[in-house]
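Worksheet: one structure, shown below.
The values are calculated or read from the model by the stated rules, or taken from the named source; none is laboratory data. Keep in mind that this is a model prediction, so the values were computed, not measured. In this analysis, Cβ positions are derived from the backbone assuming ideal geometry, glycine residues included, and neighbour counts consider all displayed protein chains. Please note that ligands, DNA and RNA were not included when accessible areas were found on the heavy atoms of the full protein model with its side chains. Shrake-Rupley method; radii C 1.70, N 1.55, O 1.52, S 1.80 Å.
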Amino acid sequence: MRTVRVNAASKSYDVIICRNAVDVLPYEVQKVCPGALKVLIVSESNVAPLYLDLVKSKLKINGYEIISHVFEAGEQNKGINEIAAMWNKMAEAGFTRTDFVIGLGGGVTTDMAGFAASTFLRGIKVIQLPTSLLAMVDASVGGKTGIDIPMGKNQVGAFWQPSLVLEDISFLKTLPDEVFTEGMGEVTKHAFIMDPELLEKLEKANGDIRSDEALLEEIVYMNVADKASVVGEDENDNGRRQTLNFGHTVGHVIERDSGFTKPHGICVAKGMGIMIDACVRAGTLDTSDAERMKNLLKLYKLPVTDDITPEAIVEGAMNDKKKRGDTLSVILVNKIGKAEIRKMNKEEFLKFLSV
Ligand SMILES: NC(=O)c1ccc[n+]([C@@H]2O[C@H](COP(=O)([O-])OP(=O)(O)OC[C@H]3O[C@@H](n4cnc5c(N)ncnc54)[C@H](O)[C@@H]3O)[C@@H](O)[C@H]2O)c1
Ligand SMILES: [Zn+2]
């Protein structure tokens, strides 16, 4: 069993990573939710048939009253209607501030469970049980929660740290291959911006980190440790946490232009590929590092480019919610493991992408 302690300014908590981690759930829950009598388990239509009964059976010895909310899987349901249904269920069951929520699923589920918990009774505890690679290495750690509105993705949300994250590597066995590949977008991103050792491990694994569970566990652990170190320094996304947006400024535009039909991790990979090329042209990254990074993306079956024009990227990026005033915080990689936040206005960003 491996544990990463996340020391965010607002709260410290453990991320426990191992195979069959669900076995320790009842004991770990008791530690972080003393006095709890009720729990709402939030899950969705693909994950619930696989793991909901298992999680419920583990919690039985704690004697909780367990209620669940299972929504139809998919980003299109990450909205206020499901959240309202969760609030109502908790209110009807008489939840108090010592009761808690569990998120059991991918990033859509952990984002929603976190948001429901952050708002109910002005905030109750949430425990995350991520089941997708992306949710394990990224979404469930760091306390960003949110939902989508018609005007955009993740436009409504809160910073609300979980009380515990339990990552059961065995859950990944049922994850479809293409969804696993999407998660590799964020894994490679961590390697590029801050973790040369992770990059080497991924190169060595030669495109397959799935068939060896011990290796998979180690790689998930390295990613969680990376994310935790960034969140520990900058919980509210005012500084270093922005480096996690490498590939995202461009990726978000591609994602939005596709009407959210292209998966996030794939768009981020394309965004990273485009930024890697731009960094080389601008002279901030040498070609050998750039080649290594793009080869790694290809090795894990991720795309490295897109036919979107620099003009369309800049236009789209200027409408992004992460923009502050007239300038964008653009994330560059200067060498493997070293990211830079550079402020650019519209003209500068267009020049950077076009030169
Ligand atoms: N809060 C954050 O910091 C943060 C960071 C990154 C992404 N996100 C959010 O995460 C979401 C994307 O997460 P995702 O890629 O996990 O999407 P997801 O939750 O939709 O899961 C992807 C697919 O995998 C299925 N699935 C998940 N676990 C499974 C398992 N163990 N076995 C079989 N099927 C399984 C789901 O049913 C779904 O079809 C987006 O909404 C994004 O905004 C949040
Ligand atoms: Zn992302």
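In the chain, the longest principal axis of the Cα atoms and the axis of helix 107-119 are about 60 degrees apart.
Between the Cα long axis of helix 48-59 and the first principal axis of the chain there is an angle of about 50°, rounded to the nearest 10. Per-residue ellipticity at 222 nm from helix content only, as computed over the chain with -39500 (n - 2.57) for each DSSP H run of at least four residues, stands at -13500 deg cm²/dmol. Distance between the C-alpha centres of the range 82-114 and the range 228-254: 26 Å, rounded to the whole angstrom. Judged by the mean number of other Cβ atoms found within 10 Å, the most tightly packed of the peptides 154-163, 123-132, 18-27 leads the ranking 123-132, 154-163, 18-27. Put simply, the amide H of residue 125, placed in the peptide plane, has neighbours under 5 Å in 101, leaving out anything fewer than 5 places away on its chain. Packing-based ranking of 179-189, 333-343 yields 179-189, 333-343, ordered from highest to lowest mean Cβ neighbour count within 10 Å. The Rg/Rh ratio for the range 177-354 is 0.95, where Rg is the radius of gyration of the alpha carbons and Rh is the Kirkwood radius.
Go ahead and run the numbers for FRET between residue 319 and residue 53, Cβ-Cβ distance against an R0 of 41 Å, rounding to 0.05. That gives a FRET efficiency of 0.40. Taking a straight line from the alpha carbon of residue 346, these lysines sit under 28 Å away, with near neighbours fewer than eight places off in the same chain left out: 144, 153, 189, 262, 270, 294, 321, 322, 323, 335, 338.
Between residue 200 and residue 149, how high is the FRET efficiency from 1/(1 + (r/R0)^6) when r is the Cβ-Cβ distance and R₀ = 30 Å? Nearest 0.05. Working from the Cβ atoms, E equals 0.15.
Given a Förster distance of 25 Å, report the FRET efficiency between residue 345 and residue 284 from their Cβ-Cβ distance, rounded to the nearest 0.05. Using R0 = 25 Å, I get an efficiency of 0.90.
If you restrict to DSSP beta bridges whose two residues both lie in the chain, what percentage is antiparallel, to the nearest 5? If we restrict to bridges inside the chain, about 45 percent are antiparallel. The separation of the range 132-209 from the range 269-346, counted between C-alpha centres, amounts to 19 Å. Ordered from longest to shortest, the equivalent ellipsoid semi-axes for the range 70-187 are 23, 16, 13 Å, each the square root of 5 times a Cα gyration tensor eigenvalue. Normalised by the number of residues in the chain, the average gap of Cα pairs under 8 Å and 6 or more apart makes the relative contact order 16 percent.
Enter the angle in degrees (range 0 to 90, nearest 10) between the Cα long axis of helix 80-92 and the first principal axis of the Cα atoms of the chain, meaning the one along which they spread out most. Between helix and principal axis, roughly 20 degrees.
Can you give the accessible area per residue of the chain, in Å², using a 1.4 Å probe?
Ligands and nucleic acids excluded, the result is 41 Å² per residue.
Within the chain, all pairs of alpha-carbon atoms sorted by distance into 20 Å bins from zero give the percentages 31, 57, 11, 0. What a 1.4 Å probe finds exposed on the range 177-354 is 47% carbon and sulfur by accessible area, rounded to a whole percent.
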